[in-house]
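J.: This is the structure I want to talk about, given as structure tokens.
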Amino acid sequence: MSGDGTTADDDPLQTAVWRLRSRACWADAAALLEPAGPDAALQRASLLVERCLYTAAGWEEAEDALRTAEALAHSDDERGAAACERGYLAYAATLFQVRDRADEARAALGRAAALIAPGAAGRALLDFRRGLIAENLTRSPQAARAAYRRAHAGATAHSDPLLLSATWRHLAGLALREGELAEARHGFAESLRIREELGYLVGTAPALVSLADTETEPEASRLREEARRLFRLLGGVPTWLTRHLTPPTQDTAPA
């Protein structure tokens, strides 16, 4: 979850990678990258790991790409970034009950924390992923909030809008659980605004559904219908959104 490829002055390759990634074509985006050096290998791995999070598939390809990135990493920053991806992949496998790799996820992110310097650009992404583990595996909302806030500050400092959209979304989710409706609505709206501005289509449907959960009718139904349209456009991705976008039955559909 980074902002690579989202700015107007990116080179043509990165622009092409971003456009494919944003439309849920992670394998096609990865195919454009030759993993000859650590940066390209890491970016390729991150694309395929992200595919796992959105589709719950492609695990072996992600593992292979990640092993290549780990083998090519030489500096502390490179090794730390690879460890961060390793932790994220292990987190995803645990979350989707492919295999319990929670301990591996924590250990990998711990290694990343030892390698990535405080204040470095990669630290914000690491903090965000530690927040995900705290929220969804450890079930510790207070620790998750603290990690998300650090990630939010880091994403702001390093101008990473895509990560910022994620921190807004997850902080809003915690606020909603605590009944802070106005705070949740603001956070979800900011996340949606950023994703729409970036053209990050694959992340827009989840943002629409989250915002709908804070709205009243008819706005809530309008947002869910727009999410449903995008979901169909992208071939049913992200797969975990299916249960939130079950179409209305004929009896309850508006005339």
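The values are calculated or read from the model by the stated rules, or taken from the named source; none is laboratory data. Predicted model, so just to flag it, every value in this text is computed and none were measured. Here the Cβ positions follow ideal geometry from the backbone for every residue, glycine too, while neighbour counts run over all protein chains shown. Remember, those area values only see protein heavy atoms, side chains included, never the ligands or the DNA or RNA. Shrake-Rupley method; radii C 1.70, N 1.55, O 1.52, S 1.80 Å.
J.: If the only charges are +1 at each Lys and Arg Cβ and -1 at each Asp and Glu Cβ, what is the size of the charge dipole of the chain around the Cα centre, to the nearest 20 debye? Can you show the working numbers first?
T.: Values: 30 positive and 36 negative charges, 112 e Å.
The calculated dipole for the chain is roughly 540 debye.
J.: Related question: Can you give the net charge of the other residues whose Cβ lies under 12 Å from the Cβ of residue 108, counting K and R as +1 and D and E as -1? Let's see the in-between values first.
T.: Details: positive: 79, 86, 101, 106, 111, 129, 130; negative: 70, 85, 103, 104.
Charge balance in the 12 Å sphere: +3.
J.: So, one more: Please work out how much accessible surface residue 23 shows to a 1.4 Å probe, ignoring ligands, DNA and RNA, in Å² rounded to 10.
T.: 120 Å²
J.: For the chain, what % of the accessible area comes from carbon and sulfur atoms, probe 1.4 Å? Write down the numbers at each step before the final one.
T.: Numbers: 6390 of 12120 Å².
The value for the chain is 53 percent carbon and sulfur by accessible area.
J.: Relative contact order for the chain: what is it in percent, counting Cα pairs under 8 Å that are at least 6 residues apart? It would help to have the intermediate numbers written out before the result.
T.: Numbers: 351 pairs, mean separation 35.7, N = 255.
Answer for the chain is 14 percent.
J.: Gain in length, residue 221 to residue 75, computed as 0.36 nm per residue apart minus the alpha-carbon separation, to one decimal in nm? Don't skip to the end; give the middle numbers.
T.: On the way: separation 146, 0.36 × 146 = 52.56 nm, distance 4.96 nm.
That works out to 47.6 nm of additional length.
J.: Taking a label point 7 Å from the Cα of residue 232 along the Cα→Cβ vector, which residues of the range 195-217 have an amide N closer than 16 Å to it?
T.: Those under the cut-off are 205.
J.: Okay, moving on. Rounded to the nearest 500 deg cm²/dmol, what is the calculated helix-only ellipticity per residue at 222 nm for the chain, with -39500 (n - 2.57) per DSSP H run of length n ≥ 4?
T.: Working: 12 runs with 178 residues, N = 255.
Result for the chain: -23000 deg cm²/dmol, rounded to the nearest 500.
J.: For residue 28 and residue 114 in the same chain, what is the full-extension length gain: residue separation times 0.36 nm, less their Cα-Cα distance, in nm? Present the calculation step by step, with values, prior to reporting the outcome.
T.: Working: separation 86, 0.36 × 86 = 30.96 nm, distance 3.31 nm.
Length gained, residue 28 through residue 114: 27.7 nm.
J.: For residue 240 and residue 97 in the same chain, what is the full-extension length gain: residue separation times 0.36 nm, less their Cα-Cα distance, in nm? Before the final figure, lay out the partial values.
T.: Numbers: separation 143, 0.36 × 143 = 51.48 nm, distance 1.28 nm.
Here the segment from residue 240 to residue 97 would lengthen by 50.2 nm.
J.: Add +1 for every Lys or Arg and -1 for every Asp or Glu among the other residues with Cβ under 14 Å from the Cβ of residue 142, and state the total.
T.: Working: positive: 130, 139, 145, 149, 150, 177; negative: 135, 178.
The answer is +4.
J.: What does the charge add up to near residue 71, with Lys and Arg as +1, Asp and Glu as -1, over the other residues with Cβ less than 12 Å from its Cβ? Can you show the working numbers first?
T.: Details: positive: 67, 79; negative: 64, 70, 78.
Once all neighbours under 12 Å are counted, the net charge is -1.
J.: With a 1.4 Å probe and all protein chains left in place, how much accessible area per residue does the chain have, in Å²? Write out the running numbers ahead of the final one.
T.: Details: 12120 Å² over 255 residues.
Accessible area per residue: 48 Å².
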